[in-house]
2 protein chains.
Amino acid sequence: MPPRSPTQSDQQKITEPVGEVERFLAAFIDGRTLPVNLRDAIKYALLGGGKRLRPILTVRCCEAVGGQIENALAPAGAIELIHCFSLVHDDLPAMDDDDLRRGRPTLHKQTNEAMAILGGDAMMGLAFELLATGIEDVALSGRLTLELATATNDMIAGQVYDTLPQFPEGLSDMERLKTIHRHKTGALLRCACRMGAIAGGGTDDQIDSITRYAEAVGLMFQVVDDLLDVTQTTEHLGKTAGKDSIQGKLTYPELIGIDATRQEVAQLQTQAHEALSKLDHQANPLRELCDYMAVRSN
Amino acid sequence: MPPRSPTQSDQQKITEPVGEVERFLAAFIDGRTLPVNLRDAIKYALLGGGKRLRPILTVRCCEAVGGQIENALAPAGAIELIHCFSLVHDDLPAMDDDDLRRGRPTLHKQTNEAMAILGGDAMMGLAFELLATGIEDVALSGRLTLELATATNDMIAGQVYDTLPQFPEGLSDMERLKTIHRHKTGALLRCACRMGAIAGGGTDDQIDSITRYAEAVGLMFQVVDDLLDVTQTTEHLGKTAGKDSIQGKLTYPELIGIDATRQEVAQLQTQAHEALSKLDHQANPLRELCDYMAVRSN
């Protein structure tokens, strides 16, 4: 099936699970005894909008292998906690030094740096607590914890490659860029998908298909991000545009130009569809999600 | 048995497991694919000295219920990773702003703030990865992960109570101080002990004894810390002395005076011994460790 452009009703269907994931996360945070200011900081960073791409992927990958949304809620919540922790720390003055996130002040601007450091730390810890408390089957809980811990560490390694570059010798610029992308955003997107397929009781073959889909879609997501950074306004993105170039970061448009970057997106979109070829109609939301991600504008 | 003063040979016996824990941790970090500068930062913060009190407690509590040191290494390594992550973030300029730790420059002084933020994040993630990969029995791994995640989050809450105080209304200064201590240091010390007893295959009764021991020793540790901050020099402590008073923090000597603080230490020491009354000679190292902690001078 060739990729097609998504309609508005596709987009509504794609984001359908968001409400349930957000209610689940809010209930989890409210059920945990925490200092009031820490709880407020976590909820500000966690529940203040955002595309929720990772938890949507977890839910849709769970359903694609025949699981129910209930099986996916704990891992979906955990991956979003990790993602939000990484954004909060990434925005700190000593890191990307960003004032704006999801159209609102970043957490350290809204509160202070100490709270942003500790709030981020707490969100990481709560992600693992959620997997440990929210899943009855201990073998499944252990397997998901391993997926999440490995991906979290790969993501942090990606932040280091991105912020404090020190690569093995002999890598080309494109190899460096792919190393950054595969770690910094790829690892969590892959984990979001794999946790969904695992929690949904997928077979090894199904988990393998989902993993290949995730790797294509994960790289595509970041290539599109590179494109948007040079083609969109700050207002439209809800975060500062043009930062990559100002900070002298490697990007696809910088290395191969805008047209070749668009071709790369189309190729990855095709790869993602091919990875799902053995999965039936239950994987249609994943196909639509991929097409939506290829043409997203923020 | 009344508490007695420890001899030098006691101290050697007490610290015996440190070498094995450090070798285990170094091998775990070296076995993980990481950017070179991130690996160096982690090893600097993790393997640069320190009392190793938490992993010693894990090993000794494991042995006290009849387990072997091999059963304790993964949780002992994980708790030390969490402890070291918390020190690195606590030392950051936006937090306690400390230049000296374990007699050497703090990680952000040795490298930079971004690396200290990311290095701390990575140590937390690696702690959970270690529990997920280092323990074959998935049920045990899951139980330890829950212990560690909960304690980590309680510790972070303690940092918030300490750094950005906002307490429920109506708490006395002493209740606030105990809330800080119970969270900030108590939670990890309790977790270190409980993980040891659980990994060692302790019965519910044994785990309960170990937990009561841990709660007494954990508070005692912090009360002694408060004392040392007002009675010792920076050089002797290996970290900045007198900071609590400069920063206007609540401490036992501040609230009840030095003599009453020393009495409190003695009472907690007795409580810790009483908690172990049903355990046999295998718990002797825990008894000696308690006595050593009561009289430590750095």
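The values are calculated or read from the model by the stated rules, or taken from the named source; none is laboratory data. Quick caveat: nothing in here was measured; it's all calculated off a predicted structure. Virtual Cβ from ideal backbone geometry, glycine too; neighbours counted across all protein chains shown. These area figures cover heavy atoms from the full protein model, side chains too; ligands, DNA and RNA do not enter into them. Shrake-Rupley method; radii C 1.70, N 1.55, O 1.52, S 1.80 Å.
Got a number for residues in segment B:26-52 being hydroxyl-bearing (Ser, Thr, Tyr) and either at positive phi or more than 9 Å from chain A (Cβ to nearest Cβ) (or both)?
Residues flagged as hydroxyl-bearing (Ser, Thr, Tyr) and either at positive phi or more than 9 Å from chain A (Cβ to nearest Cβ) (or both) within segment B:26-52 amount to 1.
Given the structure, is A:Arg102 more than 26 Å from A:Gln271 (Cβ to Cβ), more than 9 Å from chain B (Cβ to nearest Cβ) and touching a helix residue (DSSP H, G or I) at 6+ places or on another chain (Cβ under 9 Å)?
Details: more than 26 Å from A:Gln271 (Cβ to Cβ): yes; more than 9 Å from chain B (Cβ to nearest Cβ): yes; touching a helix residue (DSSP H, G or I) at 6+ places or on another chain (Cβ under 9 Å): yes.
Considered against the rule, which asks whether it is more than 26 Å from A:Gln271 (Cβ to Cβ), more than 9 Å from chain B (Cβ to nearest Cβ) and touching a helix residue (DSSP H, G or I) at 6+ places or on another chain (Cβ under 9 Å), A:Arg102 comes out as yes.
Please state which one of A:Thr133, A:Thr150, A:Thr145, A:Thr185 is more than 8 Å from every other protein chain (Cβ to nearest Cβ) and either open to solvent by 10 Å² or more (accessible area, probe 1.4 Å) or not aliphatic (A, V, I, L, M) (or both).
A:Thr185
Looking only at segment B:257-280, count how many residues are touching a residue at least 24 places away in the same chain (Cβ under 8 Å), open to solvent by 70 Å² or more (accessible area, probe 1.4 Å) and closer than 15 Å to B:Gln222 by Cβ.
The total comes to 2.
Which of the helices (runs of 4 or more DSSP H) contained wholly in segment A:1-107 include at least 3 residues that are within 29 Å of B:Ala116 (Cα to Cα) and at pLDDT 95 or above?
Filter on segment A:1-107 gives A:36-46, A:69-90.
Regarding B:Gly196, is this residue more than 10 Å from chain A (Cβ to nearest Cβ), modelled with pLDDT of 95 or more and open to solvent by 10 Å² or more (accessible area, probe 1.4 Å)?
Taking the combined requirement at face value, the residue does not satisfy it.
Does A:Ala283 qualify as being open to solvent by less than 70 Å² (accessible area, probe 1.4 Å) and more than 25 Å from A:Val65 (Cα to Cα)? It would help to see each step written out before you state the result.
Details: open to solvent by less than 70 Å² (accessible area, probe 1.4 Å): yes; more than 25 Å from A:Val65 (Cα to Cα): no.
Against the criterion (open to solvent by less than 70 Å² (accessible area, probe 1.4 Å) and more than 25 Å from A:Val65 (Cα to Cα)), A:Ala283 does not qualify.
Would you confirm, using the coordinates I've provided, whether A:Leu81 is of a type in the set (A, V, I, L, M, F, W, C), open to solvent by 10 Å² or more (accessible area, probe 1.4 Å) and within 20 Å of the chain's Cα centre (by Cα)?
Details: of a type in the set (A, V, I, L, M, F, W, C): yes; open to solvent by 10 Å² or more (accessible area, probe 1.4 Å): no; within 20 Å of the chain's Cα centre (by Cα): yes.
No: the conditions fail for A:Leu81.
Residues in segment A:119-128: is at least one crowded, with 23+ Cβ neighbours inside 10 Å, within 8 Å of chain B (Cβ to nearest Cβ) and at pLDDT below 95?
No, that holds for no residue.
Could you tell me whether A:Met155 is in contact (Cβ under 8 Å) with a residue 60 or more places away in the chain and within 9 Å of another protein chain (Cβ to nearest Cβ)?
Numbers: in contact (Cβ under 8 Å) with a residue 60 or more places away in the chain: yes; within 9 Å of another protein chain (Cβ to nearest Cβ): yes.
Answer is yes for this residue.
So for segment B:163-172 (the condition being within 23 Å of A:Ile42 (Cβ to Cβ), open to solvent by less than 10 Å² (accessible area, probe 1.4 Å) and within 14 Å of chain A (Cβ to nearest Cβ)), does at least one residue qualify?
As a first pass, look at segment B:163-172 and keep what is within 23 Å of A:Ile42 (Cβ to Cβ): B:163-169, B:171.
Now restrict to residues that are open to solvent by less than 10 Å² (accessible area, probe 1.4 Å): none.
No, because not a single residue in segment B:163-172 is within 23 Å of A:Ile42 (Cβ to Cβ), open to solvent by less than 10 Å² (accessible area, probe 1.4 Å) and within 14 Å of chain A (Cβ to nearest Cβ).
Just wondering, is there one or more residues in segment B:69-79 that are of a type in the set (Asp, Glu) and either farther than 25 Å from B:His281 by Cβ or touching a residue at least 12 places away in the same chain (Cβ under 8 Å) (or both)?
No - not one qualifying residue is present in segment B:69-79.
Is it true that A:Met115 is within 19 Å of the chain's Cα centre (by Cα), facing another protein chain (nearest Cβ under 9 Å) and open to solvent by less than 20 Å² (accessible area, probe 1.4 Å)?
So A:Met115 fails the test.
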